[in-house]
Protein chains: 2
Amino acid sequence: MKAKIHVTLKRGVLDPQGKAIGSALDHLGFEGVEEVRQGKYIEIDLRERDPTRAREQVDAMCRQLLANLVIEDYSVELEG
Amino acid sequence: MKAKIHVTLKRGVLDPQGKAIGSALDHLGFEGVEEVRQGKYIEIDLRERDPTRAREQVDAMCRQLLANLVIEDYSVELEG
């Protein structure tokens, strides 16, 4: 199965990368940009074929390595 | 409108971040991880309300700043 994982900063956590992108877009002349937030997108190909077990495995990966749950949220979609 | 943008490395382009995540998962004891690819996920809140104009604007942002089209692909979803 393929797991598609989004890791994003929680609301209220300062996002300097997002702010930098917003400023750069502004300098390039793009108008009407209100807020920019940057996160991570991770795709993992798993040998596991059972969706329930795959989700448990990916949840554990997110909690242990991929996301810092103090400041980040994550979401997982499974495919295939 | 909100634009949700994924920027991912093209197939065949070496992904050292993805490889590092794969090794780390392996060291943590996760089995059955075949391939890991890491990309960027960017959310932009736009004042623009017209979907066609918003898409043109975001396409231009991706080409000029957010994606390096030599090695990266991007995809855009609009909401709201």
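The values are calculated or read from the model by the stated rules, or taken from the named source; none is laboratory data. Computed from a predicted model, the values in this text were never measured in an experiment. Every residue, glycine among them, receives a Cβ derived from its backbone with ideal geometry; neighbour counts consider all protein chains shown. All accessible areas refer to the heavy atoms of the entire protein, side chains included, with ligands and DNA or RNA removed. Shrake-Rupley method; radii C 1.70, N 1.55, O 1.52, S 1.80 Å.
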Report the Cα centroid-to-centroid distance between region B:37-72 and region A:54-76 in angstrom, as an integer.
26
Within the accessible area of region B:2-79, what % is carbon and sulfur when the probe is 1.4 Å and the other protein chains stay in place?
47
Quick check for you: with a 1.4 Å probe and neighbouring chains kept, what is the accessible area per residue of chain A, in Å²?
57
Contact surface B-A: accessible area buried, both sides summed, square angstrom, 1.4 angstrom probe
2900
Residues of region B:63-78 that bury at least 10 Å² of accessible area, probe 1.4 Å, when all protein chains are present rather than the chain alone, are B:Gln64, B:Leu65, B:Leu66
Report the FRET efficiency, 1/(1 + (r/R0)^6), for B:Ala20 and A:Glu34, where r is their Cβ-Cβ distance and R0 is 45 Å, rounded to 0.05.
0.85
Where does helix A:16-27 land angle-wise versus the long Cα axis of chain A, in degrees 0 to 90, nearest 10?
40
Proximal lysines relative to B:Lys40, as straight alpha-carbon distance under 16 Å, when same-chain residues fewer than 8 apart are discounted
A:Lys4, A:Lys19, A:Lys40, B:Lys4, B:Lys10, B:Lys19
I'd like the orientation of helix B:51-61 relative to chain B: the angle between its Cα long axis and the longest Cα principal axis, in ° from 0 to 90, rounded to 10.
50
In whole µm²/s, the translational diffusion coefficient that Stokes-Einstein assigns to chain A, given a Kirkwood hydrodynamic radius over C-alpha pairs, 4 °C and 1.567 mPa s, equals 91
